[in-house]
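A.B. asks: Sharing a structure below in structure tokens format, with a few things to ask.
The values are calculated or read from the model by the stated rules, or taken from the named source; none is laboratory data. All values reported here derive from a predicted model rather than from experimental measurement. Cβ: placed from backbone, ideal geometry, glycine included. Neighbour counts: every protein chain shown.
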Amino acid sequence: MFADPSIILPALISGALVGLLLSTFGGGGSVLAAPLLLYFVGVDDPHIAIGTSAAAVAMTALISLAGHWRGGRVKWPCASVFALAGLVGSILGSSIAKIVDGQQLLLGFSVAMVAIALSMFRKPKLAGNPDVHLEPRLLIRLVPLGVIVGFAAGFFGIGGGFLIVPGLLYATGMTMAAATASSLVSVALFGTATSANYALDGLIDLRLALLLVVGGLIGGIAGQYIAKLLVPRAQVARRLFAGFIILVALYVAWNAIMAMTSAA
């Protein structure tokens with residue numbers, strides 16, 4: 001499919017849209033990657049769409065992580081414990097997802113999209129402890145939360161940032177800026193584990209993933225400028241975007257239900 005030039009432009013546009021939304025709103029955009037691959041690029045297997053989008057999300061997270069690392073915003077001890085605990089969950093979640101019927105998986109994916117959208121209606125919590133250090137009492141919270149979030153990220157093939165950030169905030173009390181930066185460690189690791197698991201069964205197209213990443217870099221640059229323009233109405237714009245995600249989720253659910261009905 002990749003050899004068809006008509007696939008390249010839609011994949012680049014899809015990546016650009018995801019990158020633009022991620023850069024503009026700081027989250028939620030990556031969940032649109034799999035639907036775009038299915039309904040815009042033309043990938044016909046839901047498992048390949050999810051596996052490929054997971055690879056793209058992982059690569060994008062690594063690129064973003066490098067910048068936050070240089071800026072000293074990543075709380076590595078806490079981020080590493082959360083990510084390593086979640087690695088187990090992501091492998092388990094993606095292993096189960098591979099054996100679930102594709103349309104049923106999409107139906108579950110649409111539910112996850114709605115959950116992500118609803119989380120975007122919350123007003124971000126900016127306060128927190130900027131000097132968080134890994135302590136035994138934090139391990140008790142970080143490890144089980146990491147496993148649960150990793151499972152969700154692996155099962156649905158999403159970055160999981162909408163769960164990772166609140167998880168880190170709850171477990172450690174770090175600042176929102178630190179949690180956002182530190183979450184990228186988990187996003188990158190979960191996405192890598194999930195896509196590698198799918199790759200074992202040939203359920204991934206790395207070339208499409210690379211196109212998504214290239215498009216995402218372009219869209220990300222545009223999103224930075226749009227984000228500045230939206231500062232006075234950032235919360236309103238974020239909620240409108242959340243509403244758009246819900247509409248896409250309903251479209252994904254409808255298509256999945258129709259496919260399952262016709263196959264019955």
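Okay, residues lined up against (1) in contact (Cβ under 8 Å) with a residue 40 or more places away in the chain; (2) within 24 Å of LEU142 (Cβ to Cβ); (3) outside any helix (DSSP H, G or I):
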residue: THR24; (1), (2), (3): yes, no, no
residue: ALA58; (1), (2), (3): yes, yes, no
residue: SER64; (1), (2), (3): yes, yes, no
residue: GLY72; (1), (2), (3): no, yes, yes
residue: ALA115; (1), (2), (3): yes, yes, no
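Conditions (1) under 18 Å from the mean Cα position of the chain (by Cα); (2) modelled with pLDDT under 90, marked per residue:
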position: THR172; (1), (2): no, no
position: MET176; (1), (2): yes, yes
position: ALA181; (1), (2): yes, yes
position: SER186; (1), (2): yes, no
position: ALA193; (1), (2): yes, no
position: ALA196; (1), (2): yes, no
position: ILE204; (1), (2): yes, no
position: GLY215; (1), (2): yes, no
position: VAL231; (1), (2): no, yes
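A.B. asks: Then there is this: Among residues belonging to segment 217-229 that are farther than 25 Å from SER195 by Cα and among the β-branched types (Val, Ile, Thr), point out the one that is modelled with the lowest pLDDT.
C.D. replies: Among them, the one singled out is ILE226.
A.B. asks: Would you pick out the residues in segment 217-243 that are of a type in the set (A, V, I, L, M, F, W, C), free of Cβ contacts under 8 Å to residues at least 60 places away in the same chain and under 20 Å from GLY15 (Cα atoms)?
C.D. replies: Quick first cut of segment 217-243, residues of a type in the set (A, V, I, L, M, F, W, C) only: 217-218, 221-222, 226-227, 229-231, 234, 236-237, 240-242.
Those still in the list that are free of Cβ contacts under 8 Å to residues at least 60 places away in the same chain too: 229, 231, 234, 236, 240.
Residues satisfying the conditions do not exist here.
A.B. asks: Here's something else I'd like to know. Taking GLY159 as meeting all but one of (1) within 23 Å of GLY71 (Cα to Cα); (2) part of a helix (DSSP H, G or I); (3) under 16 Å from the mean Cα position of the chain (by Cα), write down the number of the exception.
C.D. replies: Unmet for GLY159, out of (1) within 23 Å of GLY71 (Cα to Cα); (2) part of a helix (DSSP H, G or I); (3) under 16 Å from the mean Cα position of the chain (by Cα): (2).
A.B. asks: Going by what's in this entry, would VAL147 be described as in a helix (DSSP H, G or I), β-branched (Val, Ile, Thr), within 20 Å of SER53 (Cα to Cα) and in contact (Cβ under 8 Å) with a residue 24 or more places away in the chain? Quick ask: steps written out before the conclusion?
C.D. replies: On the way: in a helix (DSSP H, G or I): yes; β-branched (Val, Ile, Thr): yes; within 20 Å of SER53 (Cα to Cα): no; in contact (Cβ under 8 Å) with a residue 24 or more places away in the chain: yes.
For VAL147, the condition - in a helix (DSSP H, G or I), β-branched (Val, Ile, Thr), within 20 Å of SER53 (Cα to Cα) and in contact (Cβ under 8 Å) with a residue 24 or more places away in the chain - is not met.
Each row is one residue, and each column tells you yes or no for (1) surrounded by 21 or more Cβ atoms within 10 Å (Cβ to Cβ); (2) not polar (S, T, N, Q).
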{"residue": "SER94", "(1), (2)": "yes, no"}
{"residue": "LEU105", "(1), (2)": "yes, yes"}
{"residue": "ALA115", "(1), (2)": "no, yes"}
{"residue": "SER119", "(1), (2)": "no, no"}
{"residue": "HIS133", "(1), (2)": "no, yes"}
{"residue": "LEU145", "(1), (2)": "yes, yes"}
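A.B. asks: Another one. I'd like to verify a number: residues in segment 202-248 that are closer than 24 Å to GLY67 by Cα and touching a His at 6+ places or on another chain (Cβ under 9 Å), how many?
C.D. replies: Number satisfying all stated conditions: 0.
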